[in-house]
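Here's the structure we're looking at; comments come further down.
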Amino acid sequence: MHSSIEQYLEFLHRKRRTPATLKVIRHDLTHFVAWWESTWRRTFDPACLRYEDLRDWRTVRQRDDGAAPATINRGLASLRGYCSWALARHVLLENPATEVKDVPTEPLAPRSLPREAIDALLRVAHAEQNDILRVRDEALLALLIYAGLRVQEACDLQLRDLDVGSGTITVRSGKAGKARRVPLHPDAERLLRRYLELVRCPEGLPAMGSDQERERVLVGIAMTTKGQPTRVGITQRVAQRTVQQLGQSAAQHLRTEAQRERDIKRSEELQNLARQLEGATPHVLRHSLVRRMLEHGAQLPEVQRTLGHSRLSTTGLYLTPSEEDLRSALGRAGL
């Protein structure tokens, strides 16, 4: 990879971009460089970049690779950021990304889970036989389902950030390094308090200002090690895998229930819920909170502050119909 890309990523790191954002940008730029070198059979040199390169890459991604418009546009955004940075540092003489347009898309609200699917997810977590794993997973779900935290925000949460007494969470370093305070739903308070008392801090919370207070809230559990010891902190990958596994388990329970259901319409509803749960991710749970807030009358600025969106227009996407909304509408319009 060209040294300028590494320098750009280091620049973004100093700007406090999240590890997840850096990973995505690195992937996008690496993919483009590999395509450029394969196409032109020469080592990548940003000084040689032309508008036509970005335009042709966009076409190949759309026509030959079959990439989703959102994926292509995300890659273009990564390239625009890199080109702007390179121009400011005289790596480029002009910006080749200025006139490259995004792939047009029909705006759809992000995927989310209905309330019944969320309930099924919580019930599966509660049915876990291992006490420590059950309480830890419920705490993780509380942060994602009720507080709408991004997965990295949940993993980074420190003990000092969690004030169960006043019912608030402090996100110290959200997207683009922005901090915010999020009120806790009573159900989340209950799950998090139980987690602190039974697993994380059975001997009481650490002293204010101590090093222990800066430790991560969530713990990892070595399930294959004798005694199943815990360790402070979990990775984003562990959190994602936990949600995915819980979603798949909940989907299997609903499918079993659907097979026993005599009412055909209800059986189809359960099958549909199962299908949605198979795609459960931490970000889908975050989206689900937004949909519930809007359905119960929350205003866009309230949702924006809860989620930490920089732009109100980002929050406004949730007002557009989702894929599930369209699927339901088509179902109601059947013969």
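The values are calculated or read from the model by the stated rules, or taken from the named source; none is laboratory data. All of these numbers come straight from a predicted model, not from anything done at the bench. With ideal geometry, Cβ positions are generated from the backbone for all residues, glycine too; neighbour counts draw on all protein chains shown. What goes into the accessible areas is simple: the full protein's heavy atoms, side chains included, and nothing from ligands, DNA or RNA. Shrake-Rupley method; radii C 1.70, N 1.55, O 1.52, S 1.80 Å.
Within the stretch 191-204, is there a residue that is outside any helix (DSSP H, G or I), surrounded by 14 or more Cβ atoms within 10 Å (Cβ to Cβ), more than 18 Å from the chain's Cα centre (by Cα) and in contact (Cβ under 8 Å) with a residue 12 or more places away in the chain?
yes
Report whether or not Asp56 is charged (D, E, K, R), part of a helix (DSSP H, G or I) and crowded, with 18+ Cβ neighbours inside 10 Å.
No, not satisfied.
Within the stretch 274-290, can you find the residues that are over 21 Å from Glu153 (Cβ atoms), of a type outside the set (Gly, Ala, Ser) and part of a helix (DSSP H, G or I)?
Those that are over 21 Å from Glu153 (Cβ atoms), of a type outside the set (Gly, Ala, Ser) and part of a helix (DSSP H, G or I): Arg275, Gln276, Leu277.
Please name all residue pairs, on different chains or six or more residues apart, with Cβ atoms under 6 Å, provided the first residue is in the stretch 124-141 and is surrounded by fewer than 17 Cβ atoms within 10 Å (Cβ to Cβ) and the second residue is of a type outside the set (S, T, N, Q).
Glu128/Arg134
Conditions (1) open to solvent by 50 Å² or more (accessible area, probe 1.4 Å); (2) touching a Cys at 6+ places or on another chain (Cβ under 8 Å); (3) closer than 24 Å to Arg286 by Cβ, marked per residue:
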site: Glu6; (1), (2), (3): yes, no, no
site: Arg14; (1), (2), (3): yes, no, no
site: Thr30; (1), (2), (3): yes, no, no
site: Thr39; (1), (2), (3): yes, no, no
site: Glu52; (1), (2), (3): yes, no, no
site: Val60; (1), (2), (3): no, no, no
site: Ala88; (1), (2), (3): yes, no, no
site: Ala97; (1), (2), (3): no, yes, no
site: Thr105; (1), (2), (3): yes, no, yes
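As an exercise: evaluate Ile118 against (1) at pLDDT below 95; (2) in contact with a helix residue (DSSP H, G or I) (Cβ under 7 Å, 6 or more places away or on another chain) and give the number of the one condition it does not meet.
Ile118 satisfies all of (1) at pLDDT below 95; (2) in contact with a helix residue (DSSP H, G or I) (Cβ under 7 Å, 6 or more places away or on another chain) except (1).
Looking at the stretch 292-310, can you tell me whether even one residue there is under 20 Å from Ala127 (Cα atoms) and either modelled with pLDDT of 85 or more or surrounded by fewer than 17 Cβ atoms within 10 Å (Cβ to Cβ) (or both)?
No - not one qualifying residue is present in the stretch 292-310.
Yes or no: Phe44 aromatic (Phe, Trp, Tyr), farther than 24 Å from Ser313 by Cα and part of a helix (DSSP H, G or I)?
no
For (1) in contact (Cβ under 8 Å) with a residue 60 or more places away in the chain; (2) in contact with a Phe, Trp or Tyr (Cβ under 8 Å, 6 or more places away or on another chain), each residue gets a yes or a no:
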| residue | (1), (2) |
| --- | --- |
| His13 | no, no |
| Arg17 | yes, no |
| Leu22 | no, no |
| Arg26 | no, no |
| His31 | no, no |
| Glu37 | no, yes |
| Asp45 | no, no |
